[in-house]
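The values are calculated or read from the model by the stated rules, or taken from the named source; none is laboratory data. Model, not experiment: these values are computed from the prediction. All Cβ positions, even for glycine, are placed from backbone atoms using ideal geometry, and neighbour counts span all protein chains on display. Side chains included, ligands, DNA and RNA excluded: accessible areas come from the protein's heavy atoms. Shrake-Rupley method; radii C 1.70, N 1.55, O 1.52, S 1.80 Å.
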Amino acid sequence: MTTEATTKVGVREVYLDYNATTPVDPEVREAMLPFLSEEFGNPSSVHPPGRRARKAVEAAREQVARLLNAADLSEIIFTSGATEANNTALLGATLLAGHRSGHIITTQIEHPCVLGICRFLEERGFRVTYLPVDRQCRVDPERVLDALTDDTLIVSIMLANNETGTLQPVAEIARAVKAKRPNILVHTDAVQAIAKVPVDVQALGVDLLALSAHKFYGPKGIGALYIRKGVKIAPLLRGGHQEQGMRAGTENVAGIVGLGKAAEIALRDFELVTQHLWRLRRRFLRLLDELPMTRLNGHRELTLPSTANICLLGADALAVQANLGQRGVCVSVGSACSSGSLKPSHVLRAMGLSEMAAFCSVRFSWGKFTTEEEIDYAVEQTKEVVSLLREITLPEEIGVCDENCPCFFEGAGLA
Amino acid sequence: MMGKVEILIIESVEPCDQCRRAEAISQALAQKYEGVKVRVISVLDEEADRYGVVMTPTVVVNGVIVAVRKAPDPERLERLIQSQLGGVKA
């Protein structure tokens, strides 16, 4: 599980941005290679090269179905990634299914992909409820039930938040929604959860689930949508019979094979990998706790084992990120530049963080190739950089603080 | 022995208000302290890539990024420069 730290010229590089993307597992790459060279057949062709490609695609479907504990292979549709899977799920259950109005329930903390689709639907006559979260980044299942209306078509709630790692009570929500209104579809964007926490579609009770290969050591440009047998949604891409008519276009065979292999490895190594991730998380929080004025954003236990979003009060996260980058430590911040001005993370704001606290928050995310030694180095560099920046920066220059900001109460510290 | 300080300001192509402010604050310190040099480059400069500039101005003091998207606080910058120069006062 331990590999050498990646290096760039002269500078050691510690990659702690696994929630953005992961390196391709060497086993995955090996499995893909034949399909980028001699095995170039089109799975729709009936001659031997085509049949070999078809066999590879169907083997991958089985690997993904097994990872998700799907009841039937036909429930897995390959897509170009989670963005397409989310588009297919949300548009396929609403606009593309012929509805001209209706209600959708989601949360304020979804990935921009889901939020973007919901805004698109709002502009076309649909109503969307964006549920709030508590200070620990959790959605209250009761709120979902309260939001249901006679014309609710679909509930879409992410399984794990990409910025904080906090898990959402999707199984509880699906059970409650189905008990009350069995016809309402329940979709989950499970992109960040796969290979980090158990993801079992039958235990979750969802109708639709989106995933992406590059978040769990597979290649970019390939993902899947789980569609429970019997659930009717309309396709996003038309003009071909592929994927049971649910996704037209010649299959990305090499990508599909890579996704399948990544799924197989995720299932095979699950215990080993997740134990490693939890160990790294405990170590990271314990070491960083030596730095004063820090706070964990998100739920302490109901979380991915691979993510820690930390408010480093008094240090501008952009400057922390830039200095850590200089020292070879790759992290990310939730704030985004939008039309020339900086916007704090919508997730952290939804949790009640002040603008300043949000601008001081950095996401660290590690993976199966991260070593304890890399965590130690990253924490050491973070402590140095933050102490230095706190000396040079006036807190009020970073952003506006407010009295509801949870940075200043609910206990301090990380470990 | 007295140290040397380089303040590098990475500005937008058309310097914004904060870019100009960062430059003015830095130039004032260069006038006040011997050993302080100010260098201004555009965000399009290849050197800017090294600092992973996401917003301007980005202010770098002896290789450390001290401010992103805003000019640094003048007093705090001065204190940092004094310590880099080896505790000298103006």
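Here are some notes:
- Ranked order, A:LYS196, A:LYS383, A:LYS343 - accessible area, probe 1.4 Å, largest first: A:LYS343, A:LYS383, A:LYS196
- Along region A:12-19 the Karplus relation, 6.51 cos²θ - 1.76 cosθ + 1.60 evaluated at θ = phi - 60°, assigns HN-Hα couplings of 5, 10, 10, 8, 10, 9, 5, 6 Hz to successive residues, with x for each Gly and Pro.
- Residues in region A:299-339 that, when all protein chains are in place, have 50 Å² or more less accessible area than the chain alone would give (probe 1.4 Å): A:LEU318, A:ASN323, A:GLN326
- Take the Cβ atoms of A:LYS180 and A:ASP151, set R0 to 22 Å, and the FRET efficiency comes out at 0.95.
- Taking the accessible area of region B:1-51, probe 1.4 Å, and keeping the other protein chains in place, the carbon and sulfur fraction comes to 49%.
- Degrees, to the nearest 10: A:112-123 long Cα axis against longest axis of chain A: 70 degrees
- Portion, in percent, of the accessible area of region A:103-194 that falls on carbon or sulfur, probe 1.4 Å: 48 percent
- Occluded residues from region A:375-398, i.e. those whose accessible area drops by 30 Å² or more once the chain is not alone (1.4 Å probe): A:LEU388, A:GLU391, A:ILE392, A:LEU394, A:GLU397
- Estimated purely from DSSP H runs of n ≥ 4, each contributing -39500 (n - 2.57), the mean residue ellipticity at 222 nm for chain A is -11000 deg cm²/dmol once divided by its residues.
- Measuring r between the beta carbons of A:ARG283 and A:GLU391 and using R0 = 30 Å, the FRET efficiency lands at 0.65.
- Peptide B:41-52 has a mean shielding of 1, counted as Cβ atoms of other protein chains within 10 Å of each residue's Cβ.
- Within-12-Å neighbourhood charge of A:SER80 [Cβ basis; K, R +1; D, E -1]: -1
- Interface size B-A, as summed buried accessible area [1.4 Å probe, Å², nearest 100]: 1600 Å²
- Shape call, chain A: gyration tensor on alpha carbons, a/c limit 1.5: oblate
- With bins 5 Å wide beginning at 0, the percent of Cα pairs of region A:225-314 falling in each bin runs 2, 10, 13, 13, 11, 10, 10, 12, 9, 6, 3, 1.
- The reciprocal of the average 1/r between distinct C-alpha atoms defines the Kirkwood hydrodynamic radius, which for chain B equals 12.9 Å.
- Relative to one another, the C-alpha centroids of region A:147-179 and region A:193-208 are positioned 12 Å apart.
- Rounded to the nearest whole Hz, the Karplus-based 3J(HN,Hα) values (6.51 cos²θ - 1.76 cosθ + 1.60, θ = phi - 60°) of region A:345-362 follow the sequence 4, 5, 6, 5, 5, 5, 7, x, 5, 5, 4, 5, 4, 5, 6, 9, 9, 10, with x at glycine and proline.
- Listed pairs A:LYS368/B:LYS4; B:LYS4/B:LYS70; B:LYS32/B:LYS70; A:LYS180/A:LYS261; A:LYS232/A:LYS343; A:LYS55/A:LYS178 exceeding 32 Å between Cα atoms: A:LYS368/B:LYS4; A:LYS180/A:LYS261; A:LYS232/A:LYS343; A:LYS55/A:LYS178
- When only Cα pairs below 8 angstrom with a gap of at least 6 residues are kept, chain A shows a relative contact order of 22 percent.
- C-alpha center-to-center spacing [region A:45-100, region A:230-309] in angstrom: 17 Å
- Candidate cross-link partners of A:LYS383 among the lysines, defined by an alpha-carbon separation under 18 Å and a same-chain spacing of 8 or more, are absent.
- Accessible surface of region A:213-333, 1.4 Å probe, proportion on carbon and sulfur as whole %: 55 percent
- Peptides A:309-315, A:176-182, ordered by how many other C-beta atoms sit within 10 Å of their residues on average, highest first, read A:309-315, A:176-182.
- Here's the list of aspartates and glutamates a cross-link from A:LYS196 could span, going by alpha-carbon distance under 15 Å and ignoring same-chain residues fewer than 8 apart: A:ASP17, A:GLU163, A:GLU264, A:ASP269, A:GLU271, A:GLU301.
- When the inverse distances between all different Cα atoms of region A:1-138 are averaged and flipped, the Kirkwood radius reads 19.3 angstrom.
- Accessible surface for the protein assembly as shown, divided over its residues, is 42 Å² per residue with a 1.4 Å probe.
- Summing charges over neighbours of A:LEU237, with a neighbour being any other residue whose Cβ is under 15 Å away from its Cβ, gives -1 when K and R count +1 and D and E count -1.
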